[in-house]
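Working notes for the structure below.
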Amino acid sequence: MTYTVNKRKGVKKLREEILRSILDNLRESREPVTGTELAQRVGASRQTIVQYIAILKSRGYDIWSTPRGYVLNESSQGIRKLVAVKHDVEQIREELETVVQHGGKVLDVMVEHPVYGEIRGNLNVSSSDDIERFMALLKSSNAEPLLVLSKGVHIHTIEAPDEATMKKVLEALRTKRFLLEHHLGKEEES
């Protein structure tokens with residue numbers, strides 16, 4: 001759908017229609033929607049979509065920018081917990097698989113940077129396919145994962161449908177020694 005400025009409508013009404021259309025597209029999609037897809041659907045440029053997403057975020061909409069596109073997060077599907085972990089780059093896949101195989105979803109990754117403070121990246125990983133896509137993107141982009149900025153220490157927001165599932169996820173991470181609590185004190189001993 002392409003929008004054109006109509007003298008009767010005006011620019012503000014047109015902008016509100018486009019914003020509503022973007023929200024509708026995000027609400028109706030079960031998968032992330034790329035900026036290019038949104039641009040084609042509403043008849044705007046990719047850069048304009050970025051600006052509209054910023055406006056929607058400033059209005060309080062919880063829109064996540066993921067490597068696969070935009071996601072409107074309107075409601076949590078269960079419980080969420082911030083989990084501090086530590087591992088090296090070679091263990092990223094194993095960590096994600098551990099969470100997903102036990103019924104959890106990794107929503108994001110955060111690191112503490114000495115200059116910039118908290119840096120956060122959206123992951124939204126809930127299946128083996130999501131893990132494969134993420135790992136392929138990490139490899140093809142030649143980008144360093146955030147954990148390299150903090151010597152492997154990072155925090156994930158993990159979501160699970162219920163307390164029992166969350167407990168299983170945390171126990172599996174503990175067993176595989178991913179939880180930061182396992183590493184505390186080891187640096188002082190060395």
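List of remarks:
- Qualifying positions in the range 37-62 - closer than 22 Å to VAL125 by Cβ and surrounded by fewer than 16 Cβ atoms within 10 Å (Cβ to Cβ): LYS57, ASP62
- Test: ILE79 is farther than 26 Å from ALA143 by Cβ and either at pLDDT below 95 or not small (Gly, Ala, Ser) (or both): yes
- Hits in the range 26-42 - residues which are under 18 Å from ASP62 (Cβ atoms) and outside any helix (DSSP H, G or I): SER29, ARG30, GLU31, PRO32, VAL33
- Of the candidates VAL33, VAL42, the single residue that is in contact with a helix residue (DSSP H, G or I) (Cβ under 8 Å, 6 or more places away or on another chain), under 23 Å from THR157 (Cα atoms) and modelled with pLDDT of 90 or more is VAL33.
- Only residues that are without any contact (Cβ under 8 Å) to a residue 12 or more places away in the chain and among the small types (Gly, Ala, Ser) were counted across the range 77-100, and they come to 0.
- When the residues of the range 43-99 are filtered to those that are of a type in the set (Asp, Glu) and not in a helix (DSSP H, G or I), the one that is nearest to the chain's Cα centre (by Cα) is ASP62.
- Scan of the range 95-112 for residues that are acidic (Asp, Glu) and more than 24 Å from ASP162 (Cβ to Cβ), ordered by number: GLU112
- Filtered residue count, the range 56-67, keeping only those that are modelled with pLDDT under 85 and within 16 Å of ARG46 (Cα to Cα): 2
- Verdict on GLY103 being in contact with a Ser or Thr (Cβ under 7 Å, 6 or more places away or on another chain) and in contact (Cβ under 8 Å) with a residue 24 or more places away in the chain: yes
- Counting only helices (runs of 4 or more DSSP H) that fall entirely inside the range 105-183 and contain at least 1 residues that are at pLDDT 95 or above and closer than 21 Å to SER65 by Cα, the qualifying elements are 128-141.
The values are calculated or read from the model by the stated rules, or taken from the named source; none is laboratory data. Quantities reported herein were computed from a predicted structural model and do not represent experimental measurements. In this analysis, Cβ positions are derived from the backbone assuming ideal geometry, glycine residues included, and neighbour counts consider all displayed protein chains.
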